[in-house]
Amino acid sequence: MKALTWHGKHDIRCESVPDPQIQEGRDAIIKVTACAICGSDLHLFNGVMPDMHSGDIMGHETMGEVVEVGRDNKKLKVGDRVVVPFTISCGECFFCQRGFYSGCERSNPDPSKVKKMWGNSPAGLFGYTHLLGGYSGGQAEYLRVPYADVGPIKVPDGLTDEQVLFLSDIFPTGYMAADFCNIQSGDTIAIWGCGPVGQMAIKSAFILGAERVIAIDTVPERLALAEASGAITLDFMDDDIYDKLMELTNGRGADACIDAVGTEADPSASWDSRLDRIKVATFMGTDRPHVLRQAIHCCRNFGTVSIVGVYGGFLDKIPMGSAINRGLTFRMAQTPVQHYLPLLMERIQKDEIDPSFVITHRAPLEEGPDLYKTFRDKKDGCIKVVLKP
Ligand SMILES: NC(=O)c1ccc[n+]([C@@H]2O[C@H](COP(=O)([O-])OP(=O)(O)OC[C@H]3O[C@@H](n4cnc5c(N)ncnc54)[C@H](O)[C@@H]3O)[C@@H](O)[C@H]2O)c1
Ligand SMILES: [Zn+2]
Ligand SMILES: [Zn+2]
């Protein structure tokens, strides 16, 4: 089959690889009808995440049709149309039983390396480094889905691929980001990053009752899309974000702040973001947490900082003094996708949201390598790429 494979920093190729096979009784094989490129894929493309191997198959936002099921899989049958969560979860362990699917303690077959880095291992992920299981991803013609009687959700008749594809990741992620904010009527939610995840967080914050959403980015078409969803927008290259946010909130700060940027924040005019760049470039730091610092400073006393932008290592100069003295709550996670799926499928069915509003580029798999660059560079108005193998 054809698949997008990783061959080093900035080197993604579309090449022929062996078809996946059923390996365990609960597996299924899916013929991919649509898959997408995520901001998290860019961390691999940019060589920021360690332990990728040459030839690894990329992709963790995938849907398609079941073409084969393992003998123990009683939930799926050939012909089912399903969306596959990016988190691989057994459904039975301590964490899965409690709904913390992205904390599954069984789906990473080799947790030893990541334990040294993070203390313990979260769930295995599709197409996302050997630290997290080294599973082949879904930017391919076929995908092997382990524990396929737990993860995939069947698509009800009448919904298109594009309406449901983002249930695999960015819609639940943006929704969780807003959910973490425990939104009360009258609340102002500030959101850093108007990429696909930020856009889903904006819509979700309104769905959950926010009065105002203040969205921060610098890319004109991303700010325009945020505005179309009803957000007030700020450009971090033009505005002093702290001053503007204080102005908009009577000097108090936002009720909750969402970091939908993560470790690859672009430098604004601020000294700390420049320092982050230098540190990472000289191997004196692992991440660029400028947005997280700003979100902490801009959050009101006893407010919530909700982090969905991904970080990988040990973050420098996080203003914990500000956080503890002002009573901030921190919430963060790789999304336990399965936990949100039934509710969010229902919201799509009821027409409360059509997540396909972020799609700007549709192409065959072969154009994937070029579109990784287009998406990374935000060229050609690119906000979200969907590939149709
Ligand atoms: N927690 C999860 O489960 C989960 C799931 C999916 C994605 N993610 C993470 O969410 C983040 C966003 O993903 P995406 O697909 O939207 O990616 P993206 O790269 O398209 O979007 C990031 C946006 O942040 C903006 N940005 C950069 N620096 C900024 C700054 N200083 N202030 C404000 N905005 C700034 C960029 O211009 C860009 O529009 C990534 O870190 C990704 O890894 C996490
Ligand atoms: Zn993702
Ligand atoms: Zn589990």
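The values are calculated or read from the model by the stated rules, or taken from the named source; none is laboratory data. Computed from a predicted model, the values in this text were never measured in an experiment. Here the Cβ is made from the backbone with ideal geometry for all residues, glycine too, and neighbour counts use every protein chain on show. In case anyone asks, the SASA skips ligands and DNA or RNA and just uses the protein heavy atoms, side chains included. Shrake-Rupley method; radii C 1.70, N 1.55, O 1.52, S 1.80 Å.
Here are some residues: Ser204, Ser168, Ser185. Which one is surrounded by fewer than 24 Cβ atoms within 10 Å (Cβ to Cβ), more than 9 Å from ligand 1 (Cβ to nearest atom) and polar (S, T, N, Q)?
Unique residue meeting the criteria: Ser185.
Check Val83, Val114 and return the single one that is under 16 Å from Pro50 (Cβ atoms) and away from ligand 1 (no atom under 14 Å from the Cβ).
Just a single option satisfies the conditions, and that option is Val114.
Which number in (1) within 22 Å of Met117 (Cα to Cα); (2) without any contact (Cβ under 8 Å) to a residue 12 or more places away in the chain; (3) assigned to a helix (DSSP H, G or I) marks the one condition that Met284 misses?
(3)
Can you name the number of the only condition in (1) part of a strand (DSSP E or B); (2) in the same structural domain as Gly91 (by TED's automatic domain parsing); (3) open to solvent by less than 30 Å² (accessible area, probe 1.4 Å) that Thr304 fails?
(2)
With (1) within 16 Å of ligand 3 (Cβ to nearest atom); (2) closer than 30 Å to Ala281 by Cα; (3) in contact with a Pro (Cβ under 7 Å, 6 or more places away or on another chain) as the list, and Arg13 as the residue in question, which single condition is left unmet?
It is condition (1) that Arg13 fails.
For the stretch 213-259, what are the residues that are aliphatic (A, V, I, L, M) and at pLDDT below 95?
The one that is aliphatic (A, V, I, L, M) and at pLDDT below 95: Met237.
With the structure loaded, tell me whether Gly158 is away from ligand 3 (no atom under 16 Å from the Cβ) and open to solvent by 30 Å² or more (accessible area, probe 1.4 Å) or whether it fails that test.
yes
Could you list all residues from the stretch 1-45 that are part of a loop (DSSP other than H, G, I, E, B), open to solvent by 30 Å² or more (accessible area, probe 1.4 Å) and either at pLDDT below 95 or hydrophobic (A, V, I, L, M, F, W, C) (or both)?
Those that are part of a loop (DSSP other than H, G, I, E, B), open to solvent by 30 Å² or more (accessible area, probe 1.4 Å) and either at pLDDT below 95 or hydrophobic (A, V, I, L, M, F, W, C) (or both): Met1, Ile22.
Of the residues in the stretch 209-263, how many are open to solvent by 20 Å² or more (accessible area, probe 1.4 Å), part of a loop (DSSP other than H, G, I, E, B) and more than 27 Å from Gln334 (Cβ to Cβ)?
Residues meeting the conditions: 9.
List pairs: first residue in the stretch 130-152 and in contact (Cβ under 8 Å) with a residue 24 or more places away in the chain and assigned to a strand (DSSP E or B), second residue among the small types (Gly, Ala, Ser) and open to solvent by less than 40 Å² (accessible area, probe 1.4 Å) anywhere in the structure, Cβ distance under 6 angstrom, at least six positions apart or on different chains.
Note: pairs meeting the criteria are Tyr135/Gly124; Ala140/Ala3; Val145/Ala28.
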